[in-house]
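To start, the structure itself, in structure tokens.
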Amino acid sequence: MTNFKMLVAAVSTAVIFGCSTTSERDYIVKSSADDEYVYIIDYEKVALVEQARKDSLHNLDTYWVNPPVKRIKRSELEAMQKQ
């Protein structure tokens, strides 16, 4: 039984270190200077999921780990920011 506990501890440690070293993406705006598209959070899809959660018969909580993103043109983003 001790070997099993050591194995579980080793695997858990490896998973934690693996998760902490993965690259993080900026979900708000990800772009480069020469790119004509940017990625932003798709708030329409987020709202649909949140509404479905509220209408559900079950008491659920939603935690967004990787929220849905959509690709839009940079000019559309700049127009939205000016409003």
By its C-alpha gyration tensor, with a ≥ b ≥ c as the square roots of the eigenvalues, how is the range 40-82 shaped: rounded for a/c under 1.5, else prolate for a/b larger than b/c, else oblate? prolate
In whole percent, the fraction of accessible protein surface over the range 40-82 that belongs to carbon or sulfur atoms, probe radius 1.4 Å, stands at 54 percent
Can you list residues whose amide H is under 5 Å from residue 69's amide H, if they're 5+ apart or on another chain and H is modeled 1.01 Å from N? 42
How long is the gain from residue 6 to residue 82 if the chain were fully straight, where each residue apart is worth 0.36 nm and the alpha carbon distance is subtracted? 21.7 nm
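The values are calculated or read from the model by the stated rules, or taken from the named source; none is laboratory data. All values derive from a computational prediction rather than experimental measurement. Areas reflect the complete protein model, heavy atoms only, side chains present, ligands, DNA and RNA absent. Shrake-Rupley method; radii C 1.70, N 1.55, O 1.52, S 1.80 Å.
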